[in-house]
Amino acid sequence: MSMFGLGRPQPSSAEKIAAAEQEMDLITDMFNKLQQACMKKCIPREYREGEINKAEGVCIDRCASKFFDVQMKVSELLQAEAAAKGGAAGGGFGIGGM
Amino acid sequence: MSMFGLGRPQPSSAEKIAAAEQEMDLITDMFNKLQQACMKKCIPREYREGEINKAEGVCIDRCASKFFDVQMKVSELLQAEAAAKGGAAGGGFGIGGM
Amino acid sequence: MSMFGLGRPQPSSAEKIAAAEQEMDLITDMFNKLQQACMKKCIPREYREGEINKAEGVCIDRCASKFFDVQMKVSELLQAEAAAKGGAAGGGFGIGGM
Amino acid sequence: MEGLSASEQREFQSRMERKQMKEFMGMFSNLVTHCFDSCVDNFTTKSLVQRETDCVSRCVQKFMAGSERIGQRFQEQQAQMMNQSPTGR
Amino acid sequence: MEGLSASEQREFQSRMERKQMKEFMGMFSNLVTHCFDSCVDNFTTKSLVQRETDCVSRCVQKFMAGSERIGQRFQEQQAQMMNQSPTGR
Amino acid sequence: MEGLSASEQREFQSRMERKQMKEFMGMFSNLVTHCFDSCVDNFTTKSLVQRETDCVSRCVQKFMAGSERIGQRFQEQQAQMMNQSPTGR
């Protein structure tokens, strides 16, 4: 938003803090979603023991890796769509490469 | 919430902005809920093709219409309940007819 | 978060309001979660009648009681874990005994 | 709460009002979603049929009744918890 | 909205922009979660296999198409509701 | 982050602390809900029976262990992503 920074020469303190906060929020949200998704896929809900066994651990590692892949793929597709639609706006999502 | 506006002669800037913001939030929330509900009802999760086919499109249109009906019905029932309970407070929900 | 109050002699107004607000938020959130959980466990989704029948009512009462037990148990376990890890930080969750 | 000055109390109060409105909105949209999801499954018509409308009415009625009952239990628990707590909260 | 002064409008606008960004973020994370949940179920490999990648692409495409269609219906409803309301809202 | 002045950093820090508390609250209530939902299904008694209490303990333990493991993977991904990004973020 406010592409190229035109019209607003300097972001105010409040704006910079809000931007940094939003970046944190996205990261937190993504972590929560990843956790929910992979607990659901990898941990059976019977809770017969409290430890993560080997198979569950491996499942979590791969699940996290695939979740990350999906994140990248979705980001790519949305950026391609934005580029196709908005022209110059491609890449405008740009939060840490997402 | 300050029925009849007594006690607070003029809403402050902050209050007016907060009210406008809240109205936006409700609309956004309702759109998100509608979308989730109708995607769930109308779009099978197998994703064998990327397009919305004719049957899915018709389902979405009717689903959105019925979701809207439910919204109206629930709003009506809550207002009737509030009127029965609180007397004068009936209609106090009053955000854009909801 | 600022254990023992050292370093910050007096919390500011904004901080005190934020703390009181956060306590309210937690209570509201817990109520919502309790409600969702117990409606799901006790109320069948067919809606053949509008009243809560006797069995449903008893189920709700016991469900609320057990939900509360789980809350206490989880709180206990997290505090024990925090105490084991962080030493002095045990009990730092401390919102109304949770 | 006890540690707040009068003006802090006022600010807190006004925030709580906004929050209550927000809570009400959230409850409303959850109720709509839940009753829609439970009662509507037929998309051969554009408007609700009688059976669906009746189901929505009962759903709302039951939700409100359940909500009230759960609210009572919740308040009893809150009161009990405050009495147990060593600091009197 | 009509009752806001120019400076209030500006403040409101700037909040709306932040909110839009937040909305976009929320949509993004829901989309990732939904398509992951729908398309990925095999954890014998560390990276997505072709079948999963293709499923994610179709999932995103279909979500966007569905979202657009639902958005159209929603706007029609909003417009209709404002015309019906006695105060013209 | 790098563009913030010292006082902006302080304000940001204090917000982050509140946010962390909020996050912790959210985690707590999700954990309660999840373990309740997974472990409690019998409403012939008013208090948890031993089997349910044990299940809740294992549920919490497993959730924390899973959470830690997922956290490690997540941090590795974040680090990797920052190295890949052309602007070094």
For this session: For residues that are at the interface with another protein chain (Cβ under 7 Å from one of its Cβ atoms), open to solvent by 20 Å² or more (accessible area, probe 1.4 Å) and over 12 Å from the mean Cα position of the chain (by Cα), tally how many sit in the range B:24-40.
Result: 1
Exercise. Applying the selection to the range D:40-78, what residues are assigned to a loop (DSSP other than H, G, I, E, B) and among the charged types (D, E, K, R)?
Worked result: D:Asp41, D:Lys46
Exercise. Considering only the range A:1-50, how many residues are polar (S, T, N, Q) and at pLDDT below 90?
Worked result: 5
Exercise. So, in the range D:33-53, of the ones that are of a type outside the set (Gly, Ala, Ser) and loosely packed, with under 15 Cβ neighbours inside 10 Å, which residue ends up nearest to the other protein chains (Cβ to nearest Cβ)?
Worked result: D:Lys46
Problem set entry | Qualifying position, being among the hydroxyl-bearing types (Ser, Thr, Tyr), at the interface with chain E (Cβ under 10 Å from one of its Cβ atoms) and not in a loop (DSSP other than H, G, I, E, B), among B:Ser65, B:Ser75 | B:Ser65
Problem set entry | Subset of the range E:54-77 [facing another protein chain (nearest Cβ under 7 Å), more than 17 Å from A:Ser75 (Cβ to Cβ) and either small (Gly, Ala, Ser) or in contact with a Gly (Cβ under 9 Å, 6 or more places away or on another chain) (or both)] | E:Lys62, E:Ala65, E:Gly66, E:Arg69
Exercise. So which residues in the range C:41-62 are more than 7 Å from chain D (Cβ to nearest Cβ), charged (D, E, K, R) and either open to solvent by 60 Å² or more (accessible area, probe 1.4 Å) or at positive phi (or both)?
Worked result: C:Glu46, C:Arg48, C:Lys54, C:Arg62
Seminar exercise, completed: When the range F:16-32 is checked residue by residue, the ones that are open to solvent by 40 Å² or more (accessible area, probe 1.4 Å), more than 8 Å from chain C (Cβ to nearest Cβ) and over 21 Å from F:Ala65 (Cβ atoms) are F:Lys19
Exercise. Which of the residues that make up the range E:1-15 are among the acidic types (Asp, Glu), in a helix (DSSP H, G or I) and more than 11 Å from chain A (Cβ to nearest Cβ)?
Worked result: E:Glu8
For this session: Determine which member of the set A:Ala89, A:Ala80 is closer than 19 Å to E:Glu52 by Cβ, modelled with pLDDT under 95 and more than 8 Å from chain F (Cβ to nearest Cβ).
Result: A:Ala80
Exercise. Only one of (1) out of contact with any Phe, Trp or Tyr (no Cβ under 9 Å at 6 or more places or on another chain); (2) open to solvent by 40 Å² or more (accessible area, probe 1.4 Å); (3) under 28 Å from B:Asp29 (Cα atoms) is not met by D:Ala6, so which one is it?
Worked result: (3)
Exercise. Does E:Arg69 meet the test of being touching a Ser or Thr at 6+ places or on another chain (Cβ under 8 Å) and closer than 22 Å to B:Ser65 by Cα?
Worked result: no
Seminar exercise, completed: Note on the range C:53-80: residues among the β-branched types (Val, Ile, Thr) and farther than 17 Å from D:Lys62 by Cα are C:Val70, C:Val74
Exercise. Quick one: is C:Ala55 in a helix (DSSP H, G or I) and touching a residue at least 24 places away in the same chain (Cβ under 8 Å)?
Worked result: no
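The values are calculated or read from the model by the stated rules, or taken from the named source; none is laboratory data. The model shown is predicted, which means the values in this text are computed figures rather than measured ones. So basically every Cβ, Gly included, is an ideal-geometry build from the backbone, and we count neighbours across all protein chains shown. We work out accessible area using only protein heavy atoms, side chains counted, and drop any ligands, DNA or RNA first. Shrake-Rupley method; radii C 1.70, N 1.55, O 1.52, S 1.80 Å.
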